[in-house]
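Shown next, in structure tokens, is the structure this report addresses.
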Amino acid sequence: MNTADAIITCTALEKHYTRGGETVRVLESIDLSLERGAFVALMGPSGSGKTTLLNLFAGIDRPTAGSLTVDGHDIVKLSRAALAQWRASSVGYVFQLYHLVPVLTAYENVELPLYLQPISRRERHLRVSEALESVGIADRHAHYPRQLSGGQEQRVAIARAIVTQPALLLADEPTGDLDRTSAAGIMELLSHLHRDRGQTIVMVTHDPATAHHAQRTVFLEKGRLVDAPEVHR
Amino acid sequence: MINRRTLIGLIVLAWRGLVRRPTRSGLVVAGVMVAVFLFCTVDAMRTGVERATSRASQETALIVYRQNRFCPFTSALPQYYENAISKIPGVVSVTPVKIVVSNCRASLDVVTFRGVPAEDFALSHAASTSPREMSDWLKRGDSALLGKELAERRRLKAGDRFTAAGVDAYVAGIMQSDAPQDQSSAFVHLPFLQEQAKRGSTGGIVTQFDVRIADPSKLDEVALAIDAQFATDQTPTTTRAETAHVARAATDVIALIGFARLLGFAALAAVFALIANAIVLSMRSRQREVSVLQTLGFGGAHLATLVMVESLILGTVGGVLGAGASYAMVALSRTALTMEGVAIAVPPSIGIAVAGIVIAIALSLAAGLVPAVIASRQTIVCGFRS
Ligand SMILES: Nc1ncnc2c1ncn2[C@@H]1O[C@H](COP(=O)(O)OP(=O)(O)OP(=O)(O)O)[C@@H](O)[C@H]1O
Ligand SMILES: [Mg+2]
């Protein structure tokens, strides 16, 4: 793959935790390059380090060693504040458990990241409406999270992640907590974002059927990348 | 560091978080309100007492009282002392006063009748009422001029009749004097009061003499001279500066207020603990929410600001409500602490209300500080794992 096209490049990436004086190597010598515009699935057994790797990509966790460039930024070198600023504009993150702010309506949740953007109120309103529209939940904009189903909550969470038009959309088991129908709807939505908007997506999943939506699958096992045939649709 | 747009966003966010958790916010605001109310009210009383009892540098008023007597019911002096007192060097005027109170003990609603020689009083207090009211008062032997606060408290106006302490009087007018002792008083003709108050005393007996002197620096000197004059008499006197007279009568109240003031400070400490506790608990239960905000790109400064704004809103709303309620209560009830015939007005004070609000704001900022720092330092991953 041509590294010039890469949105994520990491070399010799390591993540260790010390637990009770003992070092746990959660990620070991990860070398990986993901191209811009790709839809990548990250698979592996529980505890293999998928979430940890995704968090490193998102700049919400720091590697112990190695280099990591995301969307042209060497995010290992960024200060805490600079990293936060970078996250605000470059990354959208979708959680397994949605993590909507309970006291805010769907609309307000989606609006949240835009307070950090240099745009007018009008522009903000347009973008929130457009994002809610694109995840098919515009009619529920005034609902609070507790008034929404899991699938609807996850749609709102996706709208919140894409409303800033980030270069990279990361999703950690976005369908892990949903019933089959809702899960299919969410995968439909992510595929659509990838296909129609060219959104780069890295998605963690347990489920091979879900991974089928992706163009490429990366396998992790005990913190290391392992070979597996690339899965194409 | 934080631009205006983001700041507004954070304020909106903090506000929504508070109003949409109404029980939690309401309890904190109510607690702050009660504490600030207590603090402001006690401080208003303290201010009133201070004003009435601390000797002003220009003080020229002395009160001559019967020695070892502390209540207007028992202080009895012959009216003819007036003559002897007025001859003492430095004395400008002497007013024999008969005092009849509706209640001798410490109380919040006391009417103090002051019997005074009518002509002298009319001359010395000409500026305090309209000429028409004054001439009306002079004409009627049973008429009274009321202190402003007494009139407002009892809702009396010129032309009314009222009864207190067994004295039935006609209201000739309202005095505009701001002197604390005038506020709760009803000034009546001395002979009228002497006639009405037949509690063992007969005409020619007064409660005290109000003495004015020329030179404030001679206050103690003149007081000693007056007491020396009657030392060997059958009814010896004790003469004090008016403020000292009030302070002596108010000893118990002053001690009480000193204690209440401690309570006021304890209440402020409670404000601090209350807000700090509420914010800490709320942030603890919202660690995940903080992590979400961080993931969305909110930095340490943003989160610290969010926490501080929340704390500030709680403190400000509680402070404004508490201080406002205290001000309204003091202003509307026109409270006067009265004991042994002296009155201490409790004045409503914008200054105290503002101080109460400022203190509540300062305490809320202090209370939010540690949680704000904690929130700003929280690592995202830890927040999600909590
Ligand atoms: N902050 C931390 N401190 C200590 N150990 C951690 C920490 N974060 C992750 N780990 C450990 O790292 C390993 C990988 O965790 P991670 O959450 O990345 O796994 P995962 O592949 O996402 O698993 P799952 O499929 O269950 O979500 C686990 O053994 C976990 O206990
Ligand atoms: Mg995981």
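Observations, loosely collected:
- The residue that is nearest to ligand 2 (Cβ to nearest atom), counting only those in the range A:162-183 that are part of a loop (DSSP other than H, G, I, E, B) and charged (D, E, K, R), is A:GLU173.
- Residues in the range B:226-252 that are touching a helix residue (DSSP H, G or I) at 6+ places or on another chain (Cβ under 9 Å) and either among the polar types (S, T, N, Q) or surrounded by fewer than 17 Cβ atoms within 10 Å (Cβ to Cβ) (or both): B:GLN229, B:ASP233, B:THR235, B:PRO236, B:THR237, B:THR238, B:THR239, B:THR243.
- Screening A:TYR115 against (1) of a type in the set (Ser, Thr, Tyr); (2) more than 8 Å from chain B (Cβ to nearest Cβ); (3) buried (at least 17 other Cβ atoms within 10 Å of the Cβ) leaves a single unmet condition, (2).
- Within the range A:70-81, tally of residues that are facing chain B (nearest Cβ under 9 Å) and either within 16 Å of ligand 2 (Cβ to nearest atom) or not basic (Lys, Arg) (or both): 1
- Members of the range A:185-225 found to be small (Gly, Ala, Ser) and either free of Cβ contacts under 8 Å to residues at least 60 places away in the same chain or assigned to a helix (DSSP H, G or I) (or both), listed by number: A:GLY185, A:SER191, A:ALA209, A:ALA211
- Selection from the range B:16-55 of residues that are more than 23 Å from B:LEU256 (Cα to Cα) and either buried (at least 18 other Cβ atoms within 10 Å of the Cβ) or not assigned by TED's automatic domain parsing to the domain that holds B:LEU312 (or both): B:GLY17, B:LEU18, B:SER25, B:VAL28, B:VAL29, B:GLY31, B:VAL32
- Close pairs from the range A:48-67: first under 16 Å from A:PRO166 (Cα atoms), partner within 7 Å of ligand 1 (Cβ to nearest atom) and open to solvent by less than 10 Å² (accessible area, probe 1.4 Å), Cβ under 7 Å, at least 6 apart: A:LEU54/A:VAL204
- Search result, residues across the range B:307-346 that are in contact with a helix residue (DSSP H, G or I) (Cβ under 6 Å, 6 or more places away or on another chain) and of a type outside the set (A, V, I, L, M, F, W, C): B:GLU310, B:SER311, B:GLY315, B:THR316, B:GLY318, B:GLY319, B:GLY322, B:SER326, B:TYR327, B:ARG334, B:GLU340
- Of all residue pairs spaced 6 or more apart or on separate chains, those with beta-carbon atoms under 7 Å, a first member in the range A:26-37 that is of a type in the set (S, T, N, Q) and a second member that is within 16 Å of ligand 1 (Cβ to nearest atom) and open to solvent by less than 50 Å² (accessible area, probe 1.4 Å) are A:SER29/A:GLU14.
Yes or no, residue by residue, for (1) of a type in the set (A, V, I, L, M); (2) open to solvent by 20 Å² or more (accessible area, probe 1.4 Å):
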{"site": "B:ARG66", "(1), (2)": "no, yes"}
{"site": "B:PRO72", "(1), (2)": "no, no"}
{"site": "B:LEU77", "(1), (2)": "yes, no"}
{"site": "B:ASN83", "(1), (2)": "no, yes"}
{"site": "B:LYS87", "(1), (2)": "no, yes"}
{"site": "B:ILE99", "(1), (2)": "yes, no"}
{"site": "B:ALA106", "(1), (2)": "yes, yes"}
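Here's the yes/no breakdown for (1) of a type in the set (A, V, I, L, M, F, W, C); (2) within 16 Å of ligand 1 (Cβ to nearest atom); (3) over 18 Å from A:ILE60 (Cβ atoms); (4) within 14 Å of another protein chain (Cβ to nearest Cβ):
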position: A:VAL156; (1), (2), (3), (4): yes, no, yes, yes
position: A:ALA159; (1), (2), (3), (4): yes, no, yes, yes
position: A:THR175; (1), (2), (3), (4): no, yes, yes, no
position: A:ILE186; (1), (2), (3), (4): yes, no, yes, no
position: A:HIS206; (1), (2), (3), (4): no, yes, yes, no
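- Hits in the range A:184-207 (condition: within 16 Å of ligand 2 (Cβ to nearest atom) and modelled with pLDDT under 95): A:THR205, A:HIS206, A:ASP207
- Residues in the range B:164-191 that are open to solvent by 30 Å² or more (accessible area, probe 1.4 Å) and under 16 Å from B:PRO117 (Cα atoms): B:PRO191 alone.
- Among residues of the range A:58-75, those that are surrounded by 18 or more Cβ atoms within 10 Å (Cβ to Cβ) and in contact with an Asp or Glu (Cβ under 8 Å, 6 or more places away or on another chain), counted: 3
- Options A:SER48, A:SER67, A:SER89, A:SER33; residue that is more than 17 Å from the chain's Cα centre (by Cα) and more than 13 Å from ligand 2 (Cβ to nearest atom): A:SER67
The values are calculated or read from the model by the stated rules, or taken from the named source; none is laboratory data. Every value quoted in this text rests on a predicted model; they were computed, and no experiment measured them. In this analysis, Cβ positions are derived from the backbone assuming ideal geometry, glycine residues included, and neighbour counts consider all displayed protein chains. Surface areas here come from the heavy atoms of the whole protein model, side chains and all, with no ligands, DNA or RNA. Shrake-Rupley method; radii C 1.70, N 1.55, O 1.52, S 1.80 Å.
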